[in-house]
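Student: I'd like to ask you about the structure that follows.
Just so it is clear, none of the values below were taken in a lab; they were calculated from the coordinates. If you're wondering where the values come from, they're calculated on a predicted model, not measured in any experiment. Cβ: placed from backbone, ideal geometry, glycine included. Neighbour counts: every protein chain shown.
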Amino acid sequence: MLLTRRASRLNNHAGQWALPGGRVDDGETTQQAALREMHEEVNLFLDESALIGRLDDLETRSGYIISPFVFWADDISTLHPNPGEVASIHHWPLSLFKADNAVQFIDQDHTDMPLLRLNMGDTRIHAPTGAVLLQLWEVGVHGRHTRVKDYAQPDWAK
């Protein structure tokens, strides 16, 4: 799976873990936007034939709607970050989910929704990005019907 660390100088969500993506431009579909943004952010050019599937839309605390698409890329040799948007690119195996403590649900006092945290090696990834990754693992790898919209997102994800 391909993740990015957002550039530190961005106005929104600077330095956070993210999947390539962004706004939908006038006249394009969400899938076309996903492909365009992937090319703009990490220099990965794919066409619609690379689509494997689609995960659930997910509303963020900051009011955005994430529309995740799953694509397959045979060749990632051209990857490089667009420095205006991406600080670094990370290519991690889905097998990181196999660790005993990979997925944690943390109770919080101010909500009934558990906070989702993924422990990917030494890295911690929270919802909403973590929720998309968890759904990818559950649906894409195990074929388990899993919804992730009811996991809390940390306060700093606003």
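Student: Between Rg and the Kirkwood Rh of the stretch 2-157, both from Cα atoms, what is the Rg to Rh ratio? Display every interim value, and only then the final one.
Tutor: Working: Rg = 15.3 Å, Rh = 16.3 Å.
Value, to two decimals: 0.94.
Student: Taking amide H positions as placed in the peptide plane 1.01 Å from N, state which residues far from H126 in sequence (5 or more) or on other chains have amide H under 5 Å from it.
Tutor: Amide H neighbours of H126, under 5 Å, 5+ apart: L118.
Student: Consider all pairwise Cα distances in the stretch 62-137 and report the whole-number % of them above 16 Å.
Tutor: Here the tail beyond 16 Å accounts for 63 percent of pairs.
Student: Using amide H atoms built 1.01 Å from N in the peptide plane, name the residues 5+ places from V103, or on other chains, whose amide H lies under 5 Å from its own.
Tutor: N119
Student: Modelling each spin label as a point 7 Å along the Cα-to-Cβ direction, I'd like the M113/Y64 distance in nm, to one decimal.
Tutor: According to this spin-label approximation, the distance is 1.6 nm.
Student: Can you give the relative contact order of the chain as a percent, counting alpha carbon pairs under 8 Å and 6+ residues apart?
Tutor: 22
Student: Can you list the residues, at least 5 places off or on another chain, whose amide H is less than 5 Å from the amide H of V86, using H built in the peptide plane?
Tutor: Correct list: A7.
Student: Mind listing the phi-derived Karplus ³J(HN,Hα) values for the stretch 25-35, rounded to whole Hz, using 6.51, -1.76 and 1.60 with θ = phi - 60°, and x for any glycine or proline?
Tutor: 7, 3, x, 10, 7, 5, 5, 4, 5, 4, 5
Student: Quick one: of the DSSP bridges fully inside the chain, what percent are antiparallel, nearest 5? Could the numbers behind the result be given before it?
Tutor: On the way: 21 of 22 bridges.
Of the beta bridges lying entirely in the chain, close to 95 percent run antiparallel.
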